[in-house]
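Asks: For reference, the structure I am asking about is given below.
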Amino acid sequence: MSESEAASIYERIGGAEAIDRVVESFYRQMSLLPQAQTIRAMHGDGLIGMKSVLKKFLSEQTGGPVLYSSEKGHPPMRQRHMAFPIDNYAADVWMECMDLALAEHVADAETRVQLHDKVQKLADMMRNTG
Ligand code: HEM
């Protein structure tokens, strides 16, 4: 199989249903982990809207249907996060929640690492304060 024909991360993890499970687990971790309470509080009470947006975003980031930028392409993600103080600790805890969700729902280790690396790059980009 050539590079261009290789299955996307989206396909390899199990498509929309897998993205759903990862995002649900991610916010569950964020609500449960004591060290995540600062970033959990940034998100306000209701997470339903947020879950839906993150699912759309991750769908297209993993090579699935382009659901996010078709709806809200601008401003870019980093700019959308500027209203929130995201220091190294906040970004690390965000990734800790994501890694727990990936460990639960992405069985294939190679795919899990690829997805982790992709999301880690995004999390690094969101850091906006020391
Ligand atoms: C690094 C630590 C991060 C923190 C503390 C953080 C926090 C936040 C907060 C507080 C919001 C606004 C929630 C609201 O309006 O109720 C938000 C929005 C969002 N975040 Fe993050 N975020 C982080 C990283 C990321 C990463 C790595 C991604 C993608 C993989 C991401 C994807 C999103 C999306 C899709 C939205 C919704 C933007 C929109 O309204 O279109 N965030 N984030």
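Asks: Which one of GLY64, ALA103, MET125 has its Cα pushed farthest toward the positive end of the charge dipole of the chain, where Lys and Arg give +1 and Asp and Glu give -1 at the Cβ?
Replies: MET125
Asks: Could you look at the range 10-126 and say what percent of its accessible area is carbon and sulfur, using a 1.4 Å probe and all protein chains? Display every interim value, and only then the final one.
Replies: Values: 3660 of 6410 Å².
Of all accessible area on the range 10-126, carbon and sulfur atoms account for 57 percent.
Asks: Build a GNM of the chain with springs between Cα atoms under 10 Å: which of ALA103, ALA41, ALA91 gets the top mean-square fluctuation?
Replies: Among ALA103, ALA41, ALA91, the largest GNM mean-square fluctuation belongs to ALA41.
Asks: Compute the angle between helix 88-105 and the longest alpha-carbon principal axis of the chain, please, reported from 0 to 90 degrees and rounded to the nearest 10.
Replies: Its long axis makes an angle of about 40 degrees.
Asks: Now for a different question. Quick check for you: which residues of the range 86-116 have the amide N under 20 Å from the point 7 Å beyond the Cα of GLU24 toward its beta carbon?
Replies: 97-108
Asks: In Å, what is the Rg of the alpha-carbon atoms in the range 10-126, and how long is Dmax?
Replies: Values for the range 10-126 (Cα only, Rg and Dmax): 13.5, 36 Å.
Asks: Moving to a separate point now. Let me have the 222 nm mean residue ellipticity of the chain computed from DSSP H runs of 4+ only, each contributing -39500 (n - 2.57), with the sum over all residues rounded to the nearest 500. Kindly include the intermediate steps, with their values, before the conclusion.
Replies: Numbers: 8 runs with 87 residues, N = 130.
About -20000 deg cm²/dmol.
Asks: Only residues of the range 85-114 count here: report those whose backbone N is under 11 Å from the spot 7 Å along Cα→Cβ of MET42, or say none.
Replies: 85-95
Asks: Accessible area per residue for the chain in Å², computed with a 1.4 Å probe and the full protein assembly in place, what is it? Working shown, then result.
Replies: On the way: 7450 Å² over 130 residues.
Computed with neighbouring chains in place, this is 57 Å² per residue.
The values are calculated or read from the model by the stated rules, or taken from the named source; none is laboratory data. Not measured: the values here are computed from a predicted model. Using ideal geometry, Cβ is built from the backbone for each residue, glycine included, and neighbour counts are taken over all protein chains shown. The area values use the complete protein model at the heavy-atom level, side chains included, leaving out ligands, DNA and RNA. Shrake-Rupley method; radii C 1.70, N 1.55, O 1.52, S 1.80 Å.
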